[in-house]
Structures are given as structure tokens and as C-alpha cells.
Amino acid sequence: MRRFSWFNVTSLTLGFAFLYLPMIILVVYSFNSSRLVTVWAGFSTKWYGELLQNEDFLQAAWVTIKVAFFASSIATVLGTMAAYVLVRGGRFHGRTLFSGMIYAPLVMPEVITGLSLLLLFIGIGLDRGILTVILAHTTFAMCYVSVVVSSRLISFDRSLEEAALDLGCSPFEAFRLVTLPIIAPAVISGWLLAFTLSLDDLVIASFTTGPGATTLPIKVFSAVRLGVSPEINALSTIMIGIVTIGVITTSLISKRSAIKQAREERAADRST
Amino acid sequence: MAQTVFAPWNDPKEKPLIEFVNVTKRFGDFTAIDNLSQKIYAKEFFALLGPSGCGKTTMMRMLGGFETPTSGKILLAGQDIGAVPPNKRAVNMMFQSYALFPHISVWENIAFGLKREGMAKVKIAARVDEMLRLTRLEKFSGRKPHQISGGQRQRVALARSLAKAPKLLLLDEPLGALDKKLRQETQFELMDIQESTGTTFVIVTHDQEEAMTVASRVAVMDHGKIVQVATPDVIYEAPNSVYVADFIGDVNLIEGTAKARKTSNTTKQLAAQPIAEPEVSPKPEPSSDRKPQPNERGEWLHDKLLEPVLGKRAAVQKTVATAPISETATSVAPAPKPSDLPDGGLEIAWLDNGKPLIASNADPSLDGAKVVLALRPEKLSISTEEPDAANVLRGKVIDIAYLGNISTYYVQLETGTMVKAQIANTRRVSRRDITWEDQVWLSFRATAGVVLEQEA
């Protein structure tokens, strides 16, 4: 019995190559000692060292992290609230409209989101800078958080909240003491997802950014227009690393808690 | 005189703990509770029983504060609690899914409600330990809910809901998730705990056996109304409608037309006899304070149906539970001779052939009405030779269900009607003399059935 036919192996290889070959090349060339991007001249980590000397890049990285942190935190609070209302609120007028509107930014072209936010900021006379980027990122990250959190809330046993009320909690206490601790893994996943999305966003950030608020993706993009340097490769490798760690952590958190629970339940059943 | 018998519903001076006053609850077009009034007394174990969708869960959720009545009032100790939110009521609920908080330990789960009250730490610890002892969970206090078994979880849920010493504890299908053996054990545990804590319990269940076992009174519900409220034995032996008779236990329903029977002077004697009885009857045993007693409706039914056979209620009180059993026991033996036949009651003509059935305990005022004779299968005797009894039916054994402790015979009468007869297998070797396709005689006493008006 062969589990993999030739066809399967070929399509798998081609698919993965298509997805990951460019990234592998990028990572490999970030360790190239030559200044020319396409000519291999031996292994070196000097570009990473030089990257750390580059004030501009470090500044942009710091801005990006600040933006990502604040945007994802605000998005997590708002997204969790939105998910809670949509799942728990029951049937109220305009519920379908609201849930549609929450998810719309998921499919909206980023150019449109960015442009409309730019127009809004100009319209209300808000000076573009780090604050506007944070606001813009909050907007689109929020819907991702609410998708993740609401899928957890749907499978959440409502009687747990009723039990909390029954035992003397106010509705807010019930949320804080019972609901939130239980859905915490989903909320953390949502936060990490929002963080990574904000970290690598270029389009919306470039529409809404202003002086002194250049994020890393913008910096990279403008630097590349002057020619690809190995420094950019090194930087991109680091970003790939961060995003990968973020995504893996997100899925591990949810998976491990599920596995742990299943294992302990089996143990409990055996012990009786 | 009947002070030791727990029956507050018979005492007009007793104040109810809970009172539903003309409560209606609608969900959109659907009426879940339909103009319902009911009193529940302190220390009762009150069961709401009915098929799904009958409104029993809605009634309980209104007591818990999770639903508010559309109209009418719910009084708890005299106060209207209709608008009081669940966290401000002296009512706790044990949820069907147990709803244990998975992120905290068993100990913390039980302490949860006490902490919300702002009770002192030392007092909380003492109370939680008391609850752990009561439910025999001391060993598991440090575990998380998913680290214990189903039965233990059920006890944690009970301990948690009892910890705040509520006036009223609501139990929503509390034993539904347990297997049969464990369920039976837990039923008795529940009764013990209910008695030792003196808490009023209201239990919602669709399992009639469970309701009959644990409850002091059972309310059978249908379509948002309570059809009958009575002690388990009255519900079983004197159902007030075909619905109740059919819902509780197994029953043969024989339709026919009633005709009043001639009453001779013996009826007078029957009526006169019980008056002398109660004064000489021994007092009920003091230990039997849980012994059920009928409410007004049950009493009325009793007077109509059981009195001619069993005597007046005072005399019956000590034997209320045993009276039906003694009748059941004799049903295995040949039915009584027609000469024992009491007068009065009704004759029921059915399927216009054969002898009319005699129900001497029936209300003669039903004369001429379309009636249903509800006959519990264990009240029927089965024999291969024609017995000398008030009511005798002839038929053929179609099926035998051997259940170990009892056997149910499905007998097809000559008229085509199927009748079930249940015989206790008191001997190890089952009665092999009756088998499939055998011609048999079914017989039952003139007082064995309950005559009910046919429902439209």
C-alpha cells in the first residue's frame, strides 16, 4: 500500500515550492556575504549586524511594534465586545446587518479601507502620524479578533453564565469571573493574530501614515525601490521569524489546551 | 392529629413558600405557561413532570429569574419576585449540564457563591468543607471539574447550589446525565440531603420514575398547564385524566359508555361504615413524616374512587402507600368472587358485545357518558381457566415480555383489543403454563380500574 501516488507527491512538492521557495531564497541570501543579492559569496551574518546599526530601520521597527501592540490591544477589547454582543445579544433589530458589517472589512480591498480612512482623517482634521496608523490597524484587526472570539463563544455553554448569575454575580462579574477566563485562549489567539496582521500591513499603513510614523513594511518597500540590499533580506528574515512564531504560538495555545483537557478527562474516567 | 404527616398542602393555615398567581409566559406566539396558579410549600420536594415542551423548564427558569412572566405574579415567601434578577434571589439552581466552572477547582466552585456574598474567609472555608462532607467530595476538593467523573460532577453541582443555603433549590433534570444504577443511588442521596438540609426542592424531570421516587408531590404538566398535582401514589392510582393515566406508568385504556349500576342498601352501609372507623384507627407512625397525603383534588378523587374499598382517609393515612401494593399483591392470586362485588358505581358497555365491565368505585353521575376505564397492567390476573371474578375477559397471548422481576403478557381479546397484564415473577422458575398463542382469561376486581371521562 502506497499512501502517496506520484501525482500526490508532485502536486505537494509544486505547491509547497510555490509557497515557500521565494522565502527560502530570501532567507538564504540574507546570509550571503556579497553585497550583490543574486551572487552567492559565502556565509555571513554581517548584514544582521549592519541592520542593528541602521538607525532608520530600528526606528521603523520600534514604530511598527508600538503600532502593532496598541492596535491589537484595542482591537482585542473591541472585537471581544463585538463578538459577545453578536453571539449573546439574541435577536435584536439589525443583528444581521451588524454581523455583516463586522465581517465586511475581511473581504474589503485594503486599498479601499486605507483610502477611506485617509479621507476620514483628513475630513476630521486629524494629523496623520502614529495615532492614525494605530486607529486604522485597530479597524481592520478588530474583525479578525471578533471572528476568532465569536467562534469560541458559540460553543460556550451559556448555563455557565447563568450559574454565575444564580450564585450572585452581576452580569459584568459573570463575564469577568467566568466567561473571560474560559474564553481567554481565544482572546489571546485573537490578539496574536491582530498583532501579526498589523506587523506586516503595508497598504493601509502607507495610506494613513504621516511624518515620523514610518512602519517597517513601508520602510522596506521604499528601500527596495532603490534596489534590494542584503540588509533588507536580513530584516525580512527576522520578520518572517516573528510572524511564524506568532502563528505557531496561536495554534499551539488552542491545541494544547484542548489536548490537555481531553487527557485529563480520560484520566478522570479511568480513576472511577 | 395528622401533624406528623408531611402534608402542608392540606393545611389551610399553612403559608406557601412559592405561589404562582395566574402566571402566563409567552415566547412570541408560543404560550409556554398558560394562566397557571400553584402553591409550593416549604420543605417540599416538588416535581414538575411532563413531556418536552410542556412548560416545566420555563416554570423553573421563572423561579430562577432567567425568565420573567408575561403576566401574573410569582411570590416567594409572600414577595413578588417577578422582576428580581437571578443574582438577587434566595433561589439557587442546579443546572442540567451542571455548569461547573471549568477553570477553577471543585473547592473554588463551591465557594464561588459565598465569595460573591462577601462572607468572611474563615466562614467560607467552614461552609465549603461542610458541603464537601455532605456530598462526600472531600478527596476531590483540589481537582478541576474535568478531572472528576460524571457522578462526582453532579455532586459538586449540588454542593455548589446548596452552599448559599437557599430557601429554594431548583434542579433541572439533575440526574439525566448519569447511568441508571448511579441515578437510582443519587435519587436517594438527593432525598437524604433534602431532608437533612430542610431546603425546598423543585425538580424538573421527564423521567416519571425519578419524579415518583423523590417527590413529595408531583405536578404533571401538559401544554403550559398543570393537569394534576398530587402525591405520587394518588397520581398513579387515581389519575384525574386519561392524559395523566397514560403519561404515568403503563396503562390499558378501555373506551366505553357508562351506565349507572343499581344501588342496593349495601351502599348505605358502605357509606356509613367509614364514619365509625377513624376514631379507632391507630395514629400514623411518627417516623413517617414524609408519608404523602393527597391534596383537595386527591382527596376528592379518593372519596370518589378509593373510599368504598379502602375506607375513609384517616384510616388510610398510615397505609396510603401500602394500600395499592396490597391490591397488587392479591392480583396475582385469583380475583375475588362476584359475591364480594360491591354495589354502586358504573357498568361500562364497550365494543357492544360481551359483558359490560363493572367499576364499582366509579362516580355514578357519569351515567351515559363516554368514558375510559384506565386499568394498570399489574391489577389484572391471568389464568388458563375461567376465574370467578367481577370482570373477566377472554383472549389469546400474543407476546410475552420477560423483564426478570415481572412479565408482561400482551393479550389480544376476541374483539381485537390488546390488553397488557403484568405478573410479578415471585418464583424463580417462571410460569411456563402460559405461553404464546394460549387462550387465557384475564380478570380484575370491580375496583381495580379508574373510570375517566373521555377527552374530546
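Please verify whether B:K180 is surrounded by fewer than 16 Cβ atoms within 10 Å (Cβ to Cβ), closer than 30 Å to B:I235 by Cβ and more than 13 Å from every other protein chain (Cβ to nearest Cβ), treating the condition exactly as stated.
Details: surrounded by fewer than 16 Cβ atoms within 10 Å (Cβ to Cβ): yes; closer than 30 Å to B:I235 by Cβ: yes; more than 13 Å from every other protein chain (Cβ to nearest Cβ): yes.
Criteria met by B:K180.
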A:S116 vs. criteria within 14 Å of chain B (Cβ to nearest Cβ), surrounded by fewer than 22 Cβ atoms within 10 Å (Cβ to Cβ) and not hydrophobic (A, V, I, L, M, F, W, C): no
Residue under evaluation A:D127, criteria (1) farther than 27 Å from A:A184 by Cβ; (2) under 23 Å from the mean Cα position of the chain (by Cα); (3) surrounded by fewer than 15 Cβ atoms within 10 Å (Cβ to Cβ), criterion not met: (2)
Where A:L192 falls short, out of the listed (1) among the hydrophobic types (A, V, I, L, M, F, W, C); (2) surrounded by 13 or more Cβ atoms within 10 Å (Cβ to Cβ); (3) assigned to a helix (DSSP H, G or I); (4) within 14 Å of another protein chain (Cβ to nearest Cβ): (4)
Residue within segment A:136-154 that is within 14 Å of chain B (Cβ to nearest Cβ) and crowded, with 19+ Cβ neighbours inside 10 Å present: yes
Those residues of segment B:160-176 which are away from chain A (no Cβ under 12 Å), on the phi < 0 side of the Ramachandran plot and small (G, A, S), in sequence order: B:G176
Identity of the residue in segment B:126-146, within 12 Å of chain A (Cβ to nearest Cβ) and modelled with pLDDT of 90 or more, that ends up nearest to B:V204 (Cα to Cα): B:P145
Every pair of residues 6+ apart whose Cβ atoms lie under 9 Å, when the first sits in segment B:166-194 and is more than 22 Å from B:S52 (Cα to Cα) while the second is assigned to a strand (DSSP E or B) and of a type in the set (S, T, Y): B:P166/B:T200; B:K167/B:T200; B:L168/B:T200; B:Q194/B:T200
Boolean, A:M101 is part of a helix (DSSP H, G or I) and modelled with pLDDT under 90: yes
Some residue of segment A:160-179 being surrounded by fewer than 23 Cβ atoms within 10 Å (Cβ to Cβ), away from every other protein chain (no Cβ under 14 Å) and in a loop (DSSP other than H, G, I, E, B): no
For A:D200: the one exception among (1) within 14 Å of chain B (Cβ to nearest Cβ); (2) touching a residue at least 24 places away in the same chain (Cβ under 8 Å); (3) charged (D, E, K, R): (1)
Positions within segment B:64-81 being assigned to a loop (DSSP other than H, G, I, E, B) and either over 14 Å from B:T200 (Cβ atoms) or within 14 Å of chain A (Cβ to nearest Cβ) (or both), in sequence order: B:G65, B:F66, B:E67, B:T68, B:P69, B:T70, B:G78, B:I81
Candidates A:L58, A:L51, filtered to the one that is under 23 Å from A:F195 (Cα atoms) and surrounded by 14 or more Cβ atoms within 10 Å (Cβ to Cβ): A:L51
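The values are calculated or read from the model by the stated rules, or taken from the named source; none is laboratory data. It should be emphasised that the depicted structure is a prediction, and the values quoted were computed from it without experimental measurement. A quick note on method: Cβ atoms are made from the backbone with ideal geometry, for glycine too, and the neighbour counts reach across all protein chains shown.
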